[in-house]
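Please read the structure below before turning to the comments.
The values are calculated or read from the model by the stated rules, or taken from the named source; none is laboratory data. This one's a predicted model, so the numbers in the text were calculated from it and none came from an experiment. FYI the Cβ positions are ideal-geometry reconstructions off the backbone, even for glycines, and counts take in every protein chain you see. We work out accessible area using only protein heavy atoms, side chains counted, and drop any ligands, DNA or RNA first. Shrake-Rupley method; radii C 1.70, N 1.55, O 1.52, S 1.80 Å.
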Amino acid sequence: MFDLENAVAEDVVENDLEEVVMGLIINSGQARSLAYAALKKAKLGDFDAAKAMMAESRTALNEAHLVQTKLIESDQGEGKMKVSLVLVHAQDHLMTSMLARELVAELIELHEKIQ
């Protein structure tokens, strides 16, 4: 497993970076999936389950965001980290998951008010 805690950007092996990036994509996707599942529960009026799923979604998103933060810190804004298509894809997944989660939270709140 790639040791992100002690990584120096120049020492990052491409395969290791891809492993980290895949973890970022998986956690982001999990966060988004849980948010949409929570919305389905809210539509059915099960707000306790929706809130629990949103909490799980937040945990997955936090894990993905932590990886992103560590990657940024290791690069130190100096372009040390090789930017690959998969890294851009992972960033896209994270940002769309964050946006989806925020919008779903608003929709759940609206469903709760309506019911």
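With a point put 7 Å past each Cα toward its Cβ, work out how far ASN62 is from LEU99 in nm, to one decimal.
Taking the simple label geometry, ASN62 and LEU99 are separated by 2.5 nm.
Which whole-number percent gives the relative contact order of the chain, counting Cα pairs below 8 Å spaced six or more residues apart?
Value for the chain: 39 percent.
Select from GLN30, ILE108, VAL67 the residue farthest towards the positive end of the dipole of the chain; place +1 on Cβ of Lys and Arg, -1 on Cβ of Asp and Glu, and compute about the Cα centre.
ILE108
Within the accessible area of the stretch 8-102, what % is carbon and sulfur when the probe is 1.4 Å and the other protein chains stay in place?
Carbon-and-sulfur percentage of accessible area, whole number: 57.
Any idea how many Lys pairs in the chain come in under 30 angstrom at the alpha carbon, given 8 or more places apart or on separate chains?
10
Please compute the per residue accessible area over the chain with all protein chains in place, 1.4 Å probe, rounded to a whole number of Å².
That works out to 62 Å² for each residue.
Let me cross-check ILE72: its accessible surface, 1.4 Å probe, with only protein heavy atoms counted, in Å² to the nearest 10?
Accessible surface of ILE72 is approximately 100 Å².
Hey, what angle do you get for helix 85-114 against the long axis of the chain, alpha-carbon based, 0 to 90 degrees rounded to 10?
Once rounded, the angle reads 20 degrees.
With a 1.4 Å probe and all protein chains kept in place, how do ARG32, ARG58 rank by accessible area, largest first?
The ranking, largest first, comes out as ARG58, ARG32.
Given the options SER97, SER57, SER84, state which has the largest fluctuation in a GNM of the chain using a 10 Å cut-off (strictly under) for Cα springs.
SER84
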